[in-house]
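The values are calculated or read from the model by the stated rules, or taken from the named source; none is laboratory data. Just so you know, these numbers come straight off a predicted model, no measurement behind them. Cβ: placed from backbone, ideal geometry, glycine included. Neighbour counts: every protein chain shown. Heads up: the accessible areas ignore ligands, DNA and RNA and are worked out on the full protein's heavy atoms, side chains in. Shrake-Rupley method; radii C 1.70, N 1.55, O 1.52, S 1.80 Å.
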Amino acid sequence: MSKRACIFVRVSSTNDRQDFNRQVLDLQVYCERQGLEIVHTITEKISGSLKNDQRSGIKELRDLAGKKAFEVLVVSEISRLGRNPHQIQQIIEELSEAGISIHIESLGLKTIDDNGNRSPMVE
């Protein structure tokens, strides 16, 4: 049985100079290779330097996580979750505590492995 995945993408520019379609497509391919069922896709066009409570995408992510709507969060790189290390760690810890694994495609890293063991990254 495949795990339910949420794709999370962000671009910093709110104008048409950047779009998130490439990130979404790349992560859809990643999910297919990993046998993950995509049940949600969250997109943001906002600076990652804003605090988590100022970002609608992070609010949506937290809401879905609280409802156990997915088991895996997929991001292209860690900076998509934010630029402030404290804010990023806060999200990682919240999701890990909820049993949600974060797959960071660029690093080939999972915060919780397929056997349910937490990575040293989140210990």
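Considering the convex hull of the alpha carbon atoms of the chain, report its projected area averaged over all viewing directions, in nm², one decimal.
In nm², the orientation-averaged hull projection of the chain is 7.1.
Averaging sequence separations of C-alpha pairs under 8 Å and six or more residues apart, then dividing by the length of the chain, give the relative contact order as a whole percent.
Contact order relative to length: 26 percent.
Compare the Cα positions of SER2, SER101, ILE42 along the charge dipole of the chain (+1 at Cβ of Lys, Arg; -1 at Cβ of Asp, Glu; about the Cα centre) and return the one farthest towards the positive end.
It is ILE42, whose Cα lies furthest towards the positive end.
Charges at C-beta only: +1 for Lys and Arg, -1 for Asp and Glu. How large is the resulting dipole of the chain about its Cα centre, in Debye rounded to 20?
280
Using a probe of 1.4 angstrom, how much of the accessible area of the chain is carbon and sulfur, in percent?
It is 47 percent, rounded to a whole number.
Given Cα pairs under 8 Å that are at least 6 residues apart, what percent is the relative contact order of segment 56-119?
In percent, rounded to a whole number, it is 30.
By the gyration tensor of its Cα atoms, with a ≥ b ≥ c the square roots of the eigenvalues, what is the shape of segment 35-78: rounded for a/c under 1.5, prolate for a/b over b/c, or oblate?
Oblate.
Just tell me which lysines come within less than 23 Å, Cα to Cα, of LYS110; anything on the same chain fewer than 8 places away is out.
The reachable lysines, counting only those whose Cα sits under 23 Å from LYS110, are LYS3, LYS59, LYS67, LYS68.
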